[in-house]
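Contents: one structure, followed by commentary.
Read-outs throughout are calculated quantities, based only on the coordinates presented, and are distinct from any laboratory measurement. Everything numeric here is computed off the predicted structure, so don't read it as measured data. FYI the Cβ positions are ideal-geometry reconstructions off the backbone, even for glycines, and counts take in every protein chain you see.
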Amino acid sequence: MIRITLFKKQSLLIILLVGSTANPLLALPLKNPSVIKKDVQQLQITQEIKNILINKGLEQESALKKVAKVFKNNKNVESKINRIYTSSTLSLSKDKINDSLVKYALYEKTLDLNSYSGVLGFIQTISLEKMDTQHLSEIKAIANIS
């Protein structure tokens, strides 16, 4: 009587190992790509401000806590800050915006970009020029980004 074996002991062990490691990977839900992009943009803004604070002499942990406090209660910070960066109506330089964000972090102020008055106050700390209706409508659009 001849015994035919399709699987050897080693091949059966390999199949079990591969099957048990691949199964949990397939069960993990994937993040939405737009959420990943927003997380990266938010990370870039906070990372940039944190690096400026570290260059000014703060320790890394302290800088990270201060930056987190600045953006604490805001929604869509990355969209709003990017709109401020790129707005041709406001025409503010990225360096001036970052300097103002660094001052907010150093003095541990929270930045309120969810309200019109909060965005207006932030813009006025950067630029002391008189605001006209175009500036105010752009600020209102920034505050309404959701």
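Would you say Asn74 is part of a helix (DSSP H, G or I) and in contact (Cβ under 8 Å) with a residue 24 or more places away in the chain? So Asn74 does not fit the description; no.
Count, please, the residues in segment 100-121 that happen to be within 20 Å of Leu90 (Cα to Cα), of a type in the set (A, V, I, L, M, F, W, C), assigned to a helix (DSSP H, G or I) and under 19 Å from the mean Cα position of the chain (by Cα). Summing the residues that are within 20 Å of Leu90 (Cα to Cα), of a type in the set (A, V, I, L, M, F, W, C), assigned to a helix (DSSP H, G or I) and under 19 Å from the mean Cα position of the chain (by Cα) in segment 100-121 gives 3.
Within segment 93-130, can you find the residues that are among the hydrophobic types (A, V, I, L, M, F, W, C) and buried (at least 16 other Cβ atoms within 10 Å of the Cβ)?
If the condition is that a residue be among the hydrophobic types (A, V, I, L, M, F, W, C) and buried (at least 16 other Cβ atoms within 10 Å of the Cβ), then Ile97, Leu101, Val102, Ala105, Leu111, Leu113, Val119, Leu120, Phe122, Ile123, Ile126 are the ones that fit.
The number of residues in segment 65-78 that are under 13 Å from the mean Cα position of the chain (by Cα) and surrounded by 16 or more Cβ atoms within 10 Å (Cβ to Cβ) comes to 7. The sole residue among Glu138, Glu61, Glu48 that is buried (at least 18 other Cβ atoms within 10 Å of the Cβ), acidic (Asp, Glu) and not in a loop (DSSP other than H, G, I, E, B) is Glu138. Listed by first and then second residue, the pairs linking a residue in segment 52-70 that is touching a residue at least 40 places away in the same chain (Cβ under 8 Å) to a residue that is hydroxyl-bearing (Ser, Thr, Tyr), with Cβ atoms under 7 Å apart and 6 or more places separating them unless they lie on different chains, are Lys69/Thr110; Val70/Tyr104; Val70/Thr110.
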